[in-house]
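Notes for the one structure printed next.
Coordinate-derived values only; no laboratory data. Quick caveat: nothing in here was measured; it's all calculated off a predicted structure. Every residue, glycine among them, receives a Cβ derived from its backbone with ideal geometry; neighbour counts consider all protein chains shown.
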Amino acid sequence: MIINYILKVMRLSTLLLFGCFLQLSAKTYSQSISLKGAGLSLMDVLQEVRQQTGYEVFGNIAMLTDTKTVSVQADHMPLEVFLLKVFNDQPVKYRLVNKTIMLERKPTAPTFISISGQLINASDRAPVASASIRVKSSQIGTSTDVQGKFALSSLPDHAVLVISSVGFSPLEVPVDKLLALADGSMVSLGGSVVKKVSGGFLIELAPAVISLDETVVTAYGTQKRSSISGSISTVSGTVVENEPHASVDKMLQGRVAGLQSVGGSGQPGSAQDIRIRGIGSISASSAPLFVIDGVPVNVGNITQTATSSNTLAGLNPDDIDKISVLKDASASSIYGSRAANGVIIITTKQGKAGRPVIRLDAEFGSSQKGWMSDQNKPLSTEQWKELMSEGLLNNPTMVAQNSLTKENVGKYLDDTYRTNNGVNTDWIDQITRNGNQGQLNLSIDGGSDKSTYHISGGYFNQQGVVLASNFKRYSLNINNTQKVTDRFSVGSNVMVSHTKQAGPSNGGADDNPVLDAYFLLPMYSPRNPDGSVNITAPDFPVSGINNPVAIAEMDNRNVGILHGVGSVYGEVKILPGFTFNSKYGVDFNYAEEDRYFNPYYGGYVNENGAAYRANTRLFNWVWTNMFTYDGDLVNGDKPLHANIKAGYEAQKSSTYINSVQVLGMVPNLDIQVPSAGSTYKSVVGNNSNYAFISWLGIADFTYDRKYVLSGSFRRDGSSRFGANNRYGNFWSVGGAWNMDQESWIKEWNVFDLLKLRGSYGVNGNAGIGDYDWRPLYAYSSAYNYIDENGSAPIVVGNNNLTWEINKPLDVGLDASVFKSRLNLTLDWYSRKTTKLLLAQPLSLTSGFGSFSNNIGSMKNSGIELALSGTPLIIGDFKWEANFNIAHNENKILKLVDGADQVSGVFIRREGQDFQSIYVPKWAGVDPDNGNPLWYKDKMMQATTSNYNEATYMIIGSASPKVFGGFGSVFSYKGLSLDALFYYNFGNLVTDKYAKYTQSDGANPTFNKVTSQLDRWQTPGQVTNVPKYVYGGNMASNSTSSRYFYKDDYIRLRNVSLGYKFSASLLRKAGISSAKLYVRGTNLWTWVKDKNLPFDPEMSVSGSTNFEVYIPKTYTIGANLSF
């Protein structure tokens, strides 16, 4: 290296040491030297040598500036002997080349030094513990202790320290710059400050700001933000860890612009509905693709009978490092036929080089039922009696048959319904409870430059607020990497969990405790005087509504799921910047379901009980082989950087199911296995699979760090589509302009980031059944042939069936100003979906009513805005804020033959929203007689009390017009307050069971809710509740806009108050960091429509289904690092 340096210097400043050396002498020279003298300079000696011998001297004059003086006594001394003497102990050496003395600098022995110091947070001056400090391009490294202190020895003086820590901008510090600092002086490096203090160096790390060099997880790898042209939102794992939710899909609510995460069930471990930029299909899936550590996984409810199971609940959120949400074509189209609804990439935590870091997180608390409507409380005994008395007297038939009057109707009810038995049961109170919950997570990670590891274990336990609803999870995560050689590395990620969920049925099932609580009369007692459950008449006859308290004690409904996601990979560096990676991943789910119905009471009492057992196994593997080039195609002041990937991927997912149901159980509640049954009711076994093969390529080019051009291409083949259309091509093209890199913008000294980007492409939707394209036959006893099981065609099939095609267009702007004091992301998008899978009618002479075909089209367009920043910093006080909002418009463009399609309360009509609600328009109550009114015409000019004359019309949509989240973090020294709100506006929701609970007297033996107390009673009264009539009032409880409500609400989704202890307090205990906090979820909800009967958070379809109540929780927790 020294020789190279000398040669470079020689090319610039080489000249003869002395001008006289250039002159040639004509006389003959001797090969010996005669010279005597003391304190002679080496330059004078060499001049004398030239004069006596004729040898030229060649070298850089600067080399002689620090040479020593020479004392010689030479008399005809041979030249070489003379030179050895005068160059002895000099920093310069010589070589004789022909008649030239070549001078060279002697190599200097390397200098090794030691460095010590302390890292602190530039914002609050707190020590930064567990930060990584490595020497660039070497294996030397360490981590800071609890005080942020570090020490490194045996460092070469040209070393560069690389300092990194979560939440701080990475920093590179040349050691020679540290050595050049005088005591008390400082230098600014990359926004951080390094100061020379007594005993070492004080390094003030700058908190992370949005940077073009920030690494973002993208499809099949990572990229610098500067080279991204797509719309990608990221969520840090620190945001979702330790929240009191079982699955990550619930934690995304309100955190990503354009991502809708809603779920009407409070069942622990239940699934959410996730939609990114609207609903993209009519009959196929509208859910995004989830990818965990590079493995596309099966998500949702994989069970056969459970109503709210969720495979994502098997992933411990505490193991998550980063979440990337890919929204547009440039970001997601490389996933081809599964990218139409967006992609969510989850990356789990990896080990980091440095000393082992142990972390312990614990959180415990309780939950109770959340928001409840005052208008939807079941009636008390007195209220029900009052309403029933009035209803009987309003029914002429009942009056005539039972000679009822105002004076005796009360006694009639006492005798018939025992309203005078002194019982007033609050059934909501009977089926709900305060549930306990807690979680414990322990992890250790560390390693060196050659090997890293991360090992974590977790326990999560949550009781639902409704009886017999629980969820428990045990999880283990092991990730490691190994650099075998400088060119070859391997790694593995293994995540295994076992979950156990217990939960009741929902909807109209006879074992749904929430339904029972609204239908049961308050005069019924849940228990007998001796404390045993009440399961006999007159309260609970065999054919009546079940006692939910008894069912919770006597029946069981359990699901256990073994879940695993893992991968192994190897990577070879073929050439500088050119690598090959091969990864094999597995997604495995095995679900065991056990349901037991006791023989004494309930839905199977006539069959003497029943037992059901089901097993579902999903084995999904994917093998990805990828070549990658990442490097500069052109160097210099304006480099052209390329990131190019090309590869092949194969995936297959297989499903195996079996189940058995038996009747006639042993009269012993402890024996619940199917083998104890006396009669087999059903035995089912089935299997299915789907497969993909793909060729794919990605290319991103960045010129001068300013201009980005990107593209992707994928050719997918899928077993889910017809033989004539099994393969499809999917692509994207995108571009970005990093405007902040322009010199004229840099002069403003305002923008940290300013990027304009856009993309367009084609991707697909393969979210259909595994065999929807195939003509299918079924074998069953239903197709009897000569007293034997026969077969018959059940699906006509379509060999031309293919993907729904999605064409997304996106234009976006990213900006960050004043060192991330304000950050903005703005996107406008339009995505058109064609070849929608719809049922096309067939002539009934074919034996089929319809077949699946690619016919329809739909469009989603909208705008998203995300803001974040730090509005206020005053001393140690800091206020950080964030806000996001999304608006989406959905429009159906084409249907089969342009004809409307009515499905329940929805109508699919060209030009209208997919979730348009199509029902008769409620006109209120006739003030003269209390009868119901509906509009007869779309202009709403005429009304009628005859439901059959009512006119159907579109009254709104179940899709919100806007939704999003906003939050703040207030911090002062170690104290912090963090709050996140979620909001939703502009859609309608319905209570499909209101026809029973708000029936105006229909189904009279069911209880009603308090809104019925506002019924019409006297002529001229203005109310929205018709006259209460035993048996019903002119079909007033029929489906209409009466039972639809505005779903405008704001919810305090999460709030926490924490204190992080100072390092000085923790030092003696050997603790790196410690934080205590209290947290609450769903503590406050504002609802605009005061008549809304149930919690405003419902499924995407906008309907409640008597689900387990969404809870509000209170927890206390601690985070410790060692």
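For a bin width of 10 Å, list the pair-distance distribution of segment 112-205 built from all Cα-Cα distances, rounded to whole %. Reading the bins upward from 0: 17, 57, 25, 1.
Can you work out D for segment 1066-1122 in µm² s⁻¹ from Stokes-Einstein, where Rh is the Kirkwood radius over C-alpha pairs, the temperature is 10 °C and the viscosity is 1.306 mPa s?
Numbers: Rh = 15.2 Å.
It comes out at roughly 105 µm²/s.
Relative to the longest principal axis of the Cα atoms of the chain, the long axis of helix 381-393 lies at roughly 50 degrees.
Taking a 32 Å limit on the Cα-Cα distance, which of the listed pairs LYS645/LYS835; LYS573/LYS807; LYS250/LYS352; LYS349/LYS819 fall beyond it? Don't jump to the answer; show the numbers that get you there.
Values: LYS645/LYS835 30 Å; LYS573/LYS807 36 Å; LYS250/LYS352 29 Å; LYS349/LYS819 28 Å.
Correct reply: LYS573/LYS807.
With θ taken as phi - 60° and the coefficients 6.51, -1.76 and 1.60, list the Karplus ³J(HN,Hα) couplings across segment 978-995 in order, rounded to whole Hz; mark glycine and proline as x. These are the phi-based 3J(HN,Hα) values: 10, 9, 10, 10, 10, 9, 8, 9, x, 10, 10, 10, 9, 10, 6, 9, 5, 5 Hz. Please work out the C-alpha center-to-center distance from segment 944-963 to segment 576-612 and express it in whole Å. Here the two parts' Cα centres lie 39 Å apart. Applying Stokes-Einstein at 20 °C and 1.002 mPa s to the Kirkwood radius of segment 336-418, computed over alpha-carbon pairs, gives a translational diffusion coefficient of 106 µm² s⁻¹. For semi-axes √(5λ) of the Cα gyration tensor in Å, the value calculated from this model appears in [x] 118, 57, 22; [y] 68, 33, 28; [z] 75, 32, 29 under label [z].
Between ILE282, ASN420, GLY141, the Cα set farthest toward the positive side of the dipole of the chain (charges on each charged residue's Cβ, about the Cα centre) is that of GLY141. Summary of packing: across the peptides 77-87, 340-350, the per-residue average of other C-beta atoms within 10 Å ranks them, highest first, as 340-350, 77-87. When only Cα pairs below 8 angstrom with a gap of at least 6 residues are kept, segment 112-205 shows a relative contact order of 29 percent. Towards the positive end of the charge dipole of the chain, with charges on Cβ (+1 Lys, Arg; -1 Asp, Glu), say which of TRP384, VAL514, SER114 has the farthest Cα. With unit charges placed on the Cβ atoms, the residue in question is SER114.
Taking the Cα centre of the chain as origin, work out the dipole magnitude from +1 charges on Lys and Arg Cβ and -1 charges on Asp and Glu Cβ, in debye rounded to 20.
Working: 100 positive and 95 negative charges, 627 e Å.
Here the chain has a charge dipole of around 3020 debye.
For the chain, take the longest principal axis of its alpha carbons; what is the angle in degrees between that and the long axis of helix 42-53, to the nearest 10 within 0 to 90? Tilt relative to the chain: about 50 degrees.
Mind checking which lysines have their Cα closer than 23 Å to the Cα of LYS1027? Skip sequence neighbours fewer than 8 apart in that chain. LYS1027 reaches LYS377, LYS385, LYS406, LYS411, LYS921, LYS936, LYS992, LYS995, LYS1008, LYS1090.
Volume per residue of the convex hull around the Cα atoms, evaluated for segment 237-363, comes out as 138 Å³. Of the residues GLY447, VAL262, SER1011, the one whose Cα sits farthest towards the positive end of the charge dipole of the chain is GLY447 (charges of +1 on Lys and Arg Cβ, -1 on Asp and Glu Cβ, taken about the Cα centre). Of all aspartates and glutamates in the structure, those lying under 12 Å Cα to Cα from LYS859, and not within fewer than 8 positions of it along the same chain, are GLU889, GLU910, ASP913.
Which order do the peptides 1070-1079, 1088-1097 take when ranked by the mean count of other beta-carbon atoms within 10 Å per residue, highest first? If you can, show how the numbers build up before the last one.
Values: 1070-1079: 17.6, 1088-1097: 20.3.
Averaged packing, sorted descending, gives the order 1088-1097, 1070-1079.
Its Cα gyration tensor gives segment 29-99 an equivalent ellipsoid. The semi-axes, each the square root of 5 times an eigenvalue, are 17, 15, 10 Å from largest down.
Among 303-311, 933-941, how do they line up by average Cβ neighbours within 10 Å per residue, starting with the highest?
In descending order of packing, they fall as 303-311, 933-941.
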